[in-house]
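**Q** Got a structure for you, questions after.
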Amino acid sequence: MRYEIRVDGHLSEPLIEVFPELDHVVMSGQTLLFGHVIDEAHLYGLLARCQSLGLRVLEMRQIPE
């Protein structure tokens, strides 16, 4: 499964490094993290990382392979 997670703000390089399995694009006050998610547990782990870092998730969606 491939997912996009859109978070508020431009993530610094140290924050980007917390998500080594995802690619990213910074645009218009937001950061888009995207990549392959192995399973539901992996997805919830990514969201937990966002929460623990105080990131505001604006959108999360599955994208076609």
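**Q** Taking the range 32-65 as the search range and keeping residues that are touching a helix residue (DSSP H, G or I) at 6+ places or on another chain (Cβ under 8 Å) and of a type in the set (V, I, T), which one is most open to solvent (accessible area, probe 1.4 Å)?
**A** V57
**Q** Six or more apart or on different chains, Cβ under 6 Å: which pairs go from a residue in the range 3-14 that's on the phi < 0 side of the Ramachandran plot to one that's buried (at least 17 other Cβ atoms within 10 Å of the Cβ) and in a loop (DSSP other than H, G, I, E, B)? Could you list them?
**A** Between residues of the range 3-14 that are on the phi < 0 side of the Ramachandran plot and residues that are buried (at least 17 other Cβ atoms within 10 Å of the Cβ) and in a loop (DSSP other than H, G, I, E, B), the close pairs are Y3/V37; V7/L55.
**Q** I need the full set of residues from the range 1-28 which are open to solvent by less than 50 Å² (accessible area, probe 1.4 Å), touching a Phe, Trp or Tyr at 6+ places or on another chain (Cβ under 8 Å) and not β-branched (V, I, T), in order please.
**A** Y3, E4, L22
**Q** From the list H24, H10, pick out the single residue that is outside any helix (DSSP H, G or I) and in contact with a helix residue (DSSP H, G or I) (Cβ under 6 Å, 6 or more places away or on another chain). Even if it seems obvious, please write down each step before you answer.
**A** Values: H10 fails: in contact with a helix residue (DSSP H, G or I) (Cβ under 6 Å, 6 or more places away or on another chain).
From the options H24, H10, the qualifying one is H24.
The values are calculated or read from the model by the stated rules, or taken from the named source; none is laboratory data. Note that the coordinates shown come from a computational prediction; the quantities given were computed from them, not determined experimentally. Cβ atoms come from the backbone with ideal geometry, glycine included; neighbour counts cover every protein chain shown. Heads up: the accessible areas ignore ligands, DNA and RNA and are worked out on the full protein's heavy atoms, side chains in. Shrake-Rupley method; radii C 1.70, N 1.55, O 1.52, S 1.80 Å.
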